[in-house]
1. Name the shape class, rounded, prolate or oblate, that the alpha-carbon gyration tensor gives for segment 1-78, where a ≥ b ≥ c are the square roots of its eigenvalues, rounded holds for a/c under 1.5, and otherwise prolate holds if a/b is larger than b/c and oblate otherwise.
2. Could you state the angle between the C-alpha long axis of helix 275-287 and the longest principal axis of the C-alpha atoms of the chain, as a value from 0 to 90 degrees rounded to the nearest 10?
3. Once amide H atoms are placed 1.01 Å from N in the peptide plane, what residues at a sequence separation of 5 or more from Y144, or on another chain, have their amide H within under 5 Å of its amide H?
4. Rounded, prolate or oblate for segment 33-132? Axes are the square roots of the Cα gyration tensor eigenvalues, ordered a ≥ b ≥ c, and the cut-off for rounded is a/c under 1.5.
5. By how many degrees, 0 to 90 and rounded to 10, does the Cα axis of helix 260-271 deviate from the longest principal axis of the chain?
6. Quick check: at a probe of 1.4 Å, how many percent of the accessible area of the chain sits on carbon and sulfur atoms?
7. Multiply the residue separation of S44 and A21 by 0.36 nm, subtract the distance between their alpha-carbon atoms, and state the gained length in nm to one decimal.
8. Taking a threshold of 23 Å on the Cα-Cα distance, which of the pairs K35/K126; K168/K283; K241/K266; K61/K174; K50/K283 fall above it?
Amino acid sequence: MRRGPSLDRLRLMQERQHSPAWGSSYVPAIHATPKEAPSVSHASILHPAKLGGREMHLLSKPERNLALLALHCSSVWDIHEQRILAMDDSPHPLHGHAKAAGMHLDHLVGTITIADRIGSLSRHGKVKYLDDETEKWCWAAYPYVGDLLLFVDDAQGPFCLNWNVKDKANAFRKRLPRNGKPVGRQDEPQAIQRHELEAQHYQSGGIRTFQVAGEWLDFQVRCNLRELFLWHSRDAGVPRKVELAALAIYRDAIGGLQTTSALVSKVMQTQSVSREQAMILFKQGVWNRTIPWDLFTPLLMDQPLRAQTRDVFDVYGDWFRR
């Protein structure tokens with residue numbers, strides 16, 4: 001088999017995903033770099049503390065925003081972005097993890113088998129190469145790559161959820177734009193089958209797939225999550241008792257008249273910390289959900305802390321249920 005750019009990329013992706021690990025050891029199949037990310041994407045790299053500070057590679061703004069929502073959820077304990085959909089039968093994504101010890105886990109049916117089952121085998125991803133022995137052009141199967149695979153805990157134990165992410169709801173029925181050209185107005189059977197294949201691949205292992213459009217996530221929630229994430233892993237460098245006292249001051253002021261800025265000053269004075277330390281404690285308290293801030297409202301320092309009227313995981317809770 002003669003080497004070429006497409007085959008080199010395939011080998012690199014398969015090497016990265018030969019045995020997907022968890023936490024800081026996970027390596028996505030595609031990296032959010034100019035060389036690897038699609039030219040039409042808005043790629044970004046996060047370093048979430050929940051994932052051990054590893055690089056999290058996201059290939060679009062909706063992926064980034066929805067990844068932040070998932071990271072904000074206390075029941076989500078890991079996320080695999082840009083994970084290959086195995087072409088052959090493969091173990092369940094929880095297989096081998098200590099949390100899943102003793103659990104019965106169904107394997108995932110390979111995408112080639114599923115493509116044949118739904119009548120789209122001829123449309124399965126593939127790459128053309130020149131065989132060194134026969135000097136003839138041949139085709140090899142090429143894997144699909146998912147967006148966000150969530151690892152979640154609930155009362156029944158650990159489970160996985162697959163999020164297929166687009167910017168708008170109608171994009172799930174369209175092809176990806178190529179060479180900067182817009183997609184047509186008509187639904188694309190190939191795109192619909194591609195998403196059906198992904199859903200059946202994960203359903204074979206008892207994993208629910210959600211088609212999640214970025215436009216469904218409230219604009220203010222997006223803005224607040226991005227702001228809070230910038231503070232989420234900073235070290236306040238204060239004793240635990242100081243942290244608890246500061247959180248109590250912020251929580252007790254919810255629904256009152258004092259501005260957030262005034263509360264930050266109060267924490268500075270009563271706990272003998274710097275403004276930056278007081279801000280870190282506040283922003284991390286909201287991010288960690290120990291301060292029940294309403295993410296649907298602007299997080300403004302010159303305004304009082306508003307009582308929570310809508311919990312973000314009540315509004316979007318179905319996306320996190322098995």
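The values are calculated or read from the model by the stated rules, or taken from the named source; none is laboratory data. Only a predicted model underlies this, so the values are computations on that prediction, with no experimental measurement involved. We work out accessible area using only protein heavy atoms, side chains counted, and drop any ligands, DNA or RNA first. Shrake-Rupley method; radii C 1.70, N 1.55, O 1.52, S 1.80 Å.
1. Values: a/c = 3.04, a/b = 1.56, b/c = 1.95.
In terms of gyration-tensor shape, oblate.
2. Between the helix axis and the principal axis of the chain, the angle is about 50 degrees.
3. Excluding prolines and chain starts, which carry no amide H, the hits are L85.
4. On the way: a/c = 2.21, a/b = 1.18, b/c = 1.87.
It is oblate, given that a/c is not under 1.5 and a/b is not larger than b/c.
5. 70 degrees
6. Details: 8250 of 16490 Å².
Using a 1.4 Å probe with all protein chains present, the chain comes out at 50 percent carbon and sulfur.
7. Gain on extension, S44 to A21, equals 6.1 nm.
8. On the way: K35/K126 20 Å; K168/K283 30 Å; K241/K266 16 Å; K61/K174 18 Å; K50/K283 16 Å.
Pairs exceeding 23 Å: K168/K283.
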